[in-house]
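No lab work stands behind these numbers, since they all come straight from the coordinates. Just so we're clear, the structure is a prediction, and the values are computed from it rather than from any experiment. Virtual Cβ from ideal backbone geometry, glycine too; neighbours counted across all protein chains shown.
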Amino acid sequence: MAIKPAGTLYRGKVGMWSWVLHRISGVGIFFFLLVHVLDTALVRVSPEAYNIVIESYKTPVVGLAELGLVGAILFHGLNGLRVIAIDFWSKGTKYQSVMFWVVIAVTVIAVAGFTPMHLARVFGH
Amino acid sequence: MMSVTIETPNRPRTRKQANWEKYGWLFMRVSGPLLIVLIFTHLVVNLVLGDGIKAIDFAFVAGKWADPFWQVWDLAMLWLALIHGTNGMRTIVNDYAGQVKVRRALTTTLWAVCALLILLGTLVIFTFDPCPAGASAELLASFCPAQ
């Protein structure tokens, strides 16, 4: 039986899953960015055109998706700082696992704080 | 264990400068923290403060871009986010696209889209008129003469 290596940064454990999440969140944010530049460009067409499209951001379905977007951005940004710490800080690899859970905790807390406020606006009148 | 000694390496490393890939790697780590400041502030100002998403309309954007501060802010965000995102997508394409032709086609498409959106966004920010003539007054910001 093959011995599972322990303590590697990128295989199997937190290091690998943070890498997977970083990629998935990055791709998601990228495609949103393409759409977001295009919808914002509508301000150059007419106030009516921009307002019609931006109204769709206030619908329940898109409103809920925005929570995912905000969560993805928070995770990707904070985990990016973790990657920088791993690359440039001498103790980065030692604390990479702790830093991952800090990233997750801060992301969850921030999204939990934002959710009621945002949903009240999306579902309220 | 015997150590292997290569008497005369047939391809000695002659290049003295770092390759392009290193500058790409560095760019991700320099633009990343800048984007955190730019985008996290963008999210707080547009989605948390005031009425959040409910308040966003043409007049809201006009109010921001009437101020050169937010023009420069959004311009920096546009350029850095698109280059950071496109370079990240390029990295993923390099990892998963097996065939050279597929990889080249995808990478070229990515950079073309990136350049196009940077150009479009930059033009929009700098040619934007917060109070366009002929627009109905109720859609415009309170500082517009039509109001």
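List of remarks:
- Of the residues making up the range B:108-146, those that are without any contact (Cβ under 8 Å) to a residue 24 or more places away in the chain, in a helix (DSSP H, G or I) and either more than 9 Å from chain A (Cβ to nearest Cβ) or exposed (fewer than 13 other Cβ atoms within 10 Å of the Cβ) (or both) number 10.
- Where a residue in the range B:17-28 is surrounded by 10 or more Cβ atoms within 10 Å (Cβ to Cβ) and its partner, wherever it lies, is part of a helix (DSSP H, G or I), with Cβ under 7 Å and at least six apart: B:Gly24/B:Asn87; B:Phe27/B:Asn87; B:Met28/B:His84; B:Met28/B:Asn87
A quick yes/no check of all residues on (1) within 21 Å of A:Pro47 (Cβ to Cβ); (2) of a type outside the set (Ser, Thr, Tyr); (3) out of contact with any Phe, Trp or Tyr (no Cβ under 7 Å at 6 or more places or on another chain):
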residue: B:Ile36; (1), (2), (3): no, yes, yes
residue: B:Val44; (1), (2), (3): no, yes, yes
residue: B:Leu49; (1), (2), (3): no, yes, yes
residue: B:Gly52; (1), (2), (3): yes, yes, yes
residue: B:Asp67; (1), (2), (3): yes, yes, yes
residue: B:Ala76; (1), (2), (3): no, yes, yes
residue: B:Ile118; (1), (2), (3): no, yes, no
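- Answer residue from the range A:97-116, given it is closer than 21 Å to B:Leu49 by Cβ and surrounded by 13 or more Cβ atoms within 10 Å (Cβ to Cβ) and is nearest to the chain's Cα centre (by Cα) among those: A:Thr107
- Checking A:Glu66, A:Glu55 one by one, the residue that is farther than 25 Å from B:Leu35 by Cβ and either touching a residue at least 60 places away in the same chain (Cβ under 8 Å) or part of a helix (DSSP H, G or I) (or both) is A:Glu55 and no other.
- Test: residue in the range B:94-101 that is under 25 Å from A:Leu34 (Cβ atoms), of a type in the set (Ser, Thr, Tyr) and loosely packed, with under 14 Cβ neighbours inside 10 Å: yes
- Residue within the range A:37-46 that is more than 8 Å from chain B (Cβ to nearest Cβ), buried (at least 19 other Cβ atoms within 10 Å of the Cβ) and without any contact (Cβ under 8 Å) to a residue 60 or more places away in the chain present: yes
- Scan of the range A:53-72 for residues that are more than 11 Å from chain B (Cβ to nearest Cβ) and not small (Gly, Ala, Ser), ordered by number: A:Pro60, A:Val61, A:Leu64
- Residues satisfying the stated conditions in the range A:74-85, i.e. buried (at least 18 other Cβ atoms within 10 Å of the Cβ) and either outside any helix (DSSP H, G or I) or touching a residue at least 12 places away in the same chain (Cβ under 8 Å) (or both): A:Leu74, A:Phe75, A:His76, A:Leu78, A:Asn79, A:Gly80, A:Arg82, A:Val83
- Scope the range B:88-102; condition more than 18 Å from A:Phe30 (Cα to Cα) and either touching a His at 6+ places or on another chain (Cβ under 7 Å) or assigned to a helix (DSSP H, G or I) (or both); matching residues: B:Val100, B:Lys101, B:Val102
- Considering (1) part of a helix (DSSP H, G or I); (2) charged (D, E, K, R); (3) over 16 Å from the mean Cα position of the chain (by Cα), the lone condition that A:Lys94 does not fulfil carries the number (1).
- Per the listing B:Asp57, B:Asp74, the residue uniquely within 11 Å of chain A (Cβ to nearest Cβ), surrounded by 16 or more Cβ atoms within 10 Å (Cβ to Cβ) and over 21 Å from A:Ile29 (Cβ atoms) is B:Asp57.
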